[in-house]
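Peer 1: A single structure is presented below for examination.
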Amino acid sequence: MIELSDGGCYLVNGTDVIPDSAESAAAVKAASGSDVTKEEARKGTIAYSILKAHNTSDNLDKLKIRFDKLTSHDITYVGIIQTARASGLEKFPMPYVLTNCHNSLCAVGGTINEDDHMFGLTCAKKYGGIYVPPHQAVIHQYAREMLSSGGGMILGSDSHTRYGALGTMAMGEGGPELVKQLLGQTYDINMPDVIAVYMTGKPVRGVGPQDVALAIIGAVFKKGYVKNKVMEFVGPGVSSLSADFRIGVDVMTTETTCLSSIWKTDERIKEYYDIHGRSGDYKELNPADVVYYDGMISIDLGTIKPMIAMPFHPSNAYTIEDVQNNLKDILHETEERARVSLGTEVPYSLESKIKDGKLLVDQGIIAGCAGGGFENICAAADILKGKYIGSDGFTLDVYPASMPIYMELVRNGCAAEIMETGAIMKTAFCGPCFGAGDTPANNAFSIRHSTRNFPNREGSKLQKGQIASVALMDARSIAATAANKGILTAADTWDGDYTVYQYHFDENIYANRVFDSHGKADPSVEIQLGPNIKDWPAMTSLPENLLLKVVTEIHDPVTTTDELIPSGETSSFRSNPLGLAEFTLSRKDPKYVGLAKEAQKAEKAREAGEDPTTALPELKEVLALIGDSFGKLTNENTGYGSTIFAIKPGDGSAREQAASCQKVLGGWANVANEYATKRYRSNLINWGMLPFVIAPGDLPFKKLDYLFFPEIRKAVEDKTEKITGYAVSDNGIKEFKVTLGELTDEEREIILKGCLINYNRSR
């Protein structure tokens, strides 16, 4: 079905694959008729040409990227603009789109949604941006319809910023990286490896884009095959896929932990731009006649079957057929895997969902940037036509990704077909994807064509004894399941006919409602600030020495950003840094906030010129153990705070709050065996936190121990490779080593200054 190459390979004329070997040069010459070195062939990727065109440095190994456009949604844009304003923002230097698809429940006590929206609208007017009102479009669909361009680059503050199928290299990063772009700075990375996704054949009937995506994720995620690399989709199989199909696969590449994605383009993509009235933004993209890739994922599309990603990660991928044939075993396996993250205190059962030997599902969702596309919903309507979902517990909700899509579904009758079944059509909203909409009942099993199925991602609250499960599936199989009244069913068993619907884009929907400054700023506009929209608290520079309390210790194989800071209704505090911080790690370690605040008392006392040991008496014993071996520790040279340990933190969302919430609670560092994504590590750095890496194995410390890093500031300044730390516990002092990994000079300076805001204020 899917094969991964052991090493690099050449692609000649777009079709001939030649593995890298001692004989490959001769084989390449025979196939192409020319001598091409490996280094020359590396420059033949589509990714290389785009990155080169956007690089501002004179070193193509050390890229400094300026993007063409920026985009953010309402979970992130308030914090981004507040950071940029505090750093001296005067005008958006490039098109910046503020969308509002992550509206959270105001009832939990945070910011009223409309206060954030009015903040966004007035900022778009003041600084020269674009404002997309709530329910008009989810962030990525608007970007596809209105922002994408062949050969362009877009940076978004959402991890699923992926428009490669349309020829746009897009990246999802934390808010501070957008702040840098707004302030004329650059996105700094090493030239990434490029992995070919070589497609042949065409999908069989009933297989949709989510099926292909889940098969890829299942094959590569655990191996780290594409981590921080670019996925480049090539091969004859690409031409068999519609634009919508490619988009549906592309958006899910985020779940592989790749850096970005790009696809070859053709007449089908040109047609997409034509339909949206933007023919001039199309560009044909192809790899060179001879191109070298650092690895290859080979996919025969005809072998892909309807898939399901079992809870609680998209990489837990199986064919639906396998689940049906091995139902009890796979459900038990999933239960056991879940207990690693969930523990045993909360009752959790999947085997209880077996009814008469079949899996009975409680809820179906087709939504957002992955599932809410036109073709997905039309296919679901075809399968559901003349059926009904039943009057029992099973529900089906469908969220078109934009109002233009919704309008076309109304005009072609698909919306009516879906609603007649008992399903509900809703507006463009990311709620089911981030835990603020359609939260299932306790122990319910939900199948969704959305992007993620992490623990609590659907809105359940483990700390309150409530947990539900989400499995990812394609819209077609969700519809087949709904037509079967909740019994898990693969779409390839449906024997009806799919209708070919022509899509018509109604540009008036946006023209009549979206605010577009056309790049013209109006400094006279006053920003509308609701009472819960707060500035960032002051942050100090990195002291000479650090004494940090370990307040959380996480040994899950991977820790998601949703576990570090929950999404969902807690995001109503998104515009109040201290308010949101109260929820940090609340669904993973409810004691974290209290312990972090307790440790922070010492730092607050230090900054006030008071005795830290009076504020935090336990420090007296810790400092006594350290003694004067490292010189006298004073308020001037020693800072205090907290840190956490996790094996592999940072998978998932680009939301910077996963790092900033730790920082405002006194966090100075993370200690990890590795970081799941570049974007989480970048968020730590931009908030002035040290991204320590410690070798796997037995830890030299445990929760509630203290870690002492003498001369840590000097270590950062001097680019010390191996940094010595000391674990201080009841058993005395134990020396250990950590590293910081590769840091640019600018990143080191940000850490030394204490955060990006301080760095920019000092320039």
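Just so you know, all these numbers are worked out from the coordinates, no wet-lab data involved. From a predicted model like this one, the values you see are computed outputs, not experimental measurements. Positions of Cβ are backbone-derived with ideal geometry, glycine not excepted, and every protein chain shown enters the neighbour counts.
Peer 1: Once amide H atoms are built 1.01 Å from N in the peptide plane, which residues 5 or more positions from Ser87, or in another chain, come under 5 Å H to H?
Peer 2: none
Peer 1: Relative contact order for the stretch 1-73: what percent, with Cα pairs under 8 Å and sequence separation of 6 or more? Walk me through the numbers before you get to the answer.
Peer 2: On the way: 52 pairs, mean separation 10.4, N = 73.
This gives 14 percent for the stretch 1-73.
Peer 1: If you don't mind, another one. What residues have an amide H closer than 5 Å to that of Thr559, excluding those fewer than 5 places away on the same chain, when H is modeled at 1.01 Å from N in the peptide plane?
Peer 2: Answer set, sorted by chain and number: Lys648, Gly650, Asp651.
Peer 1: Continuing with this model, one more query. Regarding the stretch 545-761, what is the average projected area of its C-alpha convex hull, in nm²?
Peer 2: 11.4
Peer 1: Roughly how big is the stretch 482-551's charge dipole about its Cα centre, with Cβ charges of +1 (Lys, Arg) and -1 (Asp, Glu), in debye to the nearest 20? The partial results should precede the final answer.
Peer 2: On the way: 5 positive and 10 negative charges, 85 e Å.
The dipole magnitude comes to about 420 debye.
Peer 1: Let me ask something else about it. Over what distance in Å are the Cα centres of the stretch 164-223 and the stretch 94-153 separated?
Peer 2: So the separation of the two Cα centres works out to 22 Å.
Peer 1: OK, next. What does the net charge come to around Arg476 if you take all other residues with beta carbon closer than 14 Å to its beta carbon, with K and R at +1 and D and E at -1?
Peer 2: Net charge around Arg476: -3.
Peer 1: With a sphere of radius 9 Å drawn around the Cβ of Thr559, what net charge do the other residues whose Cβ falls strictly inside it have (Lys, Arg +1; Asp, Glu -1)?
Peer 2: On the way: positive: Lys588, Lys648; negative: Asp556, Glu563, Asp651.
For residues surrounding Thr559, the net value is -1.
Peer 1: Moving on to the next point. Quick one: compute the contact order of the chain, relative version, from alpha carbon pairs under 8 angstrom and 6+ residues apart, as a percent.
Peer 2: With pairs under 8 Å counted, the relative contact order is 15 percent.
Peer 1: Between the stretch 236-294 and the stretch 29-60, what is the C-alpha centre distance in whole Å?
Peer 2: Cα centres, the stretch 236-294 to the stretch 29-60: 19 Å.
Peer 1: So what's the net charge close to Gly7: Lys and Arg +1, Asp and Glu -1, counting the other residues with Cβ under 11 Å from its Cβ? Spell out each step's value before the answer.
Peer 2: On the way: positive: none; negative: Asp6, Asp20, Asp294.
So the environment of Gly7 carries a net charge of -3.
Peer 1: So, one more: Using the Cα centre as the reference, give the magnitude of the dipole from point charges on the C-beta atoms of the chain (Lys, Arg: +1; Asp, Glu: -1; all else neutral), rounded to the nearest 20 debye.
Peer 2: Using only the charged Cβ atoms, the result is roughly 980 debye.
Peer 1: Provide the packing ranking of 68-77, 310-319, i.e. peptides ordered by the mean count of other C-beta atoms within 10 Å per residue, highest first.
Peer 2: Details: 68-77: 26.0, 310-319: 22.9.
The densest-packed peptide leads the list: 68-77, 310-319.
Peer 1: Once you've got the Cα coordinates, tell me which of Lys125/Lys604; Lys227/Lys719; Lys620/Lys722; Lys588/Lys663; Lys38/Lys180 are over 27 Å apart. Don't skip to the answer; put the middle values down first.
Peer 2: On the way: Lys125/Lys604 38 Å; Lys227/Lys719 25 Å; Lys620/Lys722 29 Å; Lys588/Lys663 18 Å; Lys38/Lys180 34 Å.
Those over the limit are Lys125/Lys604; Lys620/Lys722; Lys38/Lys180.
Peer 1: For the stretch 67-188, just say rounded, prolate or oblate: build the C-alpha gyration tensor, square-root its eigenvalues into a ≥ b ≥ c, call rounded for a/c under 1.5, and beyond that prolate if a/b exceeds b/c, oblate if not. Spell out each step's value before the answer.
Peer 2: On the way: a/c = 1.79, a/b = 1.25, b/c = 1.43.
Note, shape of the stretch 67-188 comes out oblate.
Peer 1: Also, quick follow-up: Determine the alpha carbon to alpha carbon distance for each of Lys52/Lys264; Lys229/Lys534; Lys126/Lys601; Lys264/Lys520; Lys358/Lys464; Lys328/Lys702 and list only those over 27 Å.
Peer 2: Those over the limit are Lys229/Lys534; Lys126/Lys601; Lys264/Lys520; Lys358/Lys464; Lys328/Lys702.
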